[in-house]
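Engineer: Take a look at the following structure, please.
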Amino acid sequence: MTVTTARRPDAETQPGAVARWFNDGWITTRRNLIKIKRVPDILVFTTLQPIMFVLLFTYVYAGVIDIPGSTYTEFIMAGIFAQTVVFGSTYSGSAMAQDLKDGIIDRFRTLPMSPSAVLIGRTNGDLLINSISMAVMMATGFVVGWRIRSSFLEAVAAVALLLLFAYALSWVMAFLGMMVRSPEVINNVSFLVLFPLTFISNAFVPAETLPGPLRIFAEWNPVTSLVQAARDLFGNVPAGTPVGDSWHQQYPALAVLTGVVVILVVFVPLAIRRFSQVTSR
């Protein structure tokens with residue numbers, strides 16, 4: 001039996017199409033928020049992981065890693081923030097793969113809704129999860145001695161930059177989740193890609209302390225720019241820290257914003273097109 005998709009005729013060109021698109025996106029976002037409420041394990045483990053990393057690095061490694069002009073606790077927090085939101089973006093991929101596997105997407109395709117609404121709801125839901133993780137990490141950081149040394153607006157800008165980068169990555173992961181169609185595969189692929197991105201960077205040690213090839217990789221790593229921008233905006237850059245001569249090292253926040261725009265411009269259309277392909281089978 002063939003399932004056909006009930007679509008509004010010329011839905012994208014009818015008056016009020018933009019309003020309906022926002023409404024569809026809100027409905028699917030609400031669906032993912034309700035899912036978190038009904039499956040609290042998602043939120044529990046999402047918040048426990050950053051707490052574990054904060055405590056692990058501040059109490060286990062702080063005594064053996066020396067950061068001239070600062071404490072390791074203040075140095076490491078921006079790295080933990082970046083690592084957590086980057087890994088948090090993988091949930092978009094595994095959730096999309098799970099929805100495809102469970103057949104929920106087949107139900108969505110029979111509804112008169114925008115094809116991009118499901119993806120909007122998925123990435124928006126992950127944005128909320130990452131926001132909660134950020135709040136938990138910041139509270140934990142204050143407990144262990146981390147402090148914001150900049151203004152309130154600069155701190156807000158740091159949080160916004162971290163979440164914006166994670167939101168862009170969510171679209172990448174959603175696209176990959178529709179390519180593999182298996183939550184297990186996307187989790188393994190994400191780990192293989194994101195693990196070196198986060199650890200071969202300036203997140204946990206200064207990039208200049210890494211050996212030759214790894215140092216070059218770390219300097220051009222987008223996560224390095226993200227961490228450096230967060231440190232600058234939080235006011236946690238140690239005094240006398242050398243700044244590289246390249247453009248992305250001189251202006252890390254602008255480099256991150258440029259990368260976010262490129263990722264969204266490339267992967268939002270790709271993800272929507274891929275969604276249309278998998279739902280037309």
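Any read-out appearing in this document is the output of simple, stated calculations on the displayed coordinates, not a laboratory observation. Fair warning: this is a prediction, and the values are worked out from it, not measured in the lab. Glycine also receives a Cβ, built like all others from the backbone with ideal geometry; neighbour counts cover every protein chain displayed.
Engineer: Report, in debye and to the nearest 20, how large the dipole of the chain comes out about its Cα centre when Lys and Arg carry +1 and Asp and Glu carry -1 on their Cβ. Don't skip to the answer; put the middle values down first.
Structural biologist: Values: 20 positive and 16 negative charges, 229 e Å.
Value, rounded to 20: 1100 debye.
Engineer: FRET efficiency for V143 and F191, Cβ-Cβ distance as r, R0 = 30 Å, nearest 0.05? Walk me through the numbers on the way to the answer.
Structural biologist: On the way: r = 29 Å, r/R0 = 0.95.
Efficiency at R0 = 30 Å is approximately 0.55.
Engineer: Sticking with this one: Angle check, please: helix 17-38 long axis (alpha carbons) against the longest principal axis of the chain (alpha carbons), in degrees 0 to 90, nearest 10.
Structural biologist: Roughly 70 degrees between the two axes.
Engineer: If packing is taken as the mean number of other Cβ atoms within 10 Å per residue, what is the order of 259-266, 159-166, highest first?
Structural biologist: Ranking, from highest mean packing down: 159-166, 259-266.
Engineer: Ordered by packing density, taken as the mean number of other Cβ atoms within 10 Å over each peptide's residues, highest first, how do 139-149, 227-237 rank? Display every interim value, and only then the final one.
Structural biologist: On the way: 139-149: 15.8, 227-237: 23.6.
Taking the mean over residues of other Cβ atoms within 10 Å, the ranking is 227-237, 139-149.
Engineer: If you take all C-alpha pairs in the range 20-279, what percent of them are over 34 Å apart? Display every interim value, and only then the final one.
Structural biologist: Numbers: 6550 of 33670 pairs.
Roughly 19 percent, once rounded to a whole number.
Engineer: Report the one residue of P222, S150, N23 whose Cα lies farthest in the direction of the positive end of the charge dipole of the chain (charges on C-beta: Lys and Arg +1, Asp and Glu -1; origin at the Cα centre).
Structural biologist: N23
Engineer: Mind giving me the nanometre distance, one decimal, between the label points for R38 and S131, set 7 Å out from Cα along Cα→Cβ?
Structural biologist: In this crude spin-label approximation the distance works out to 2.2 nm.
Engineer: Can I ask one more? Please check which bits of the range 162-205 a label hung off L214 would reach, taking the label as a point 7 Å along Cα-to-C-beta and the cut-off as backbone N under 20 Å.
Structural biologist: Residues passing the 20 Å test: 191-205.
Engineer: Put +1 on the Cβ of every Lys and Arg and -1 on every Asp and Glu Cβ in the chain; which of A78, L100, L161 then has its Cα farthest towards the positive end of the dipole?
Structural biologist: Farthest along the dipole direction, towards plus: L100.
Engineer: Would you mind computing the Rg to Rh ratio of the range 147-242 from its alpha-carbon coordinates, Kirkwood style for Rh?
Structural biologist: Working: Rg = 15.7 Å, Rh = 15.0 Å.
Ratio of gyration radius to Kirkwood radius: 1.05.
Engineer: Where the eigenvalues come from the Cα gyration tensor of the range 32-79, what are the semi-axes √(5λ) of the equivalent ellipsoid, largest first, in whole Å?
Structural biologist: Largest first, the range 32-79 gives 33, 10, 5 Å.
Engineer: Over what distance in Å are the Cα centres of the range 184-216 and the range 52-69 separated?
Structural biologist: 18
Engineer: Here's something else I'd like to know. Once the convex hull of the alpha carbons of the range 72-183 is built, what does its volume come to per residue, in cubic angstrom? Provide the component values of the computation, followed by the final result.
Structural biologist: Values: hull volume 11.9 nm³, N = 112.
Once divided by residue count, the hull of the range 72-183 is 106 Å³.
Engineer: Let me ask something else. What order, most packed first, do the peptides 211-218, 182-189 have when packing is the mean number of other Cβ atoms within 10 Å of each residue? Provide the component values of the computation, followed by the final result.
Structural biologist: Details: 211-218: 13.1, 182-189: 16.8.
Result, highest mean first: 182-189, 211-218.
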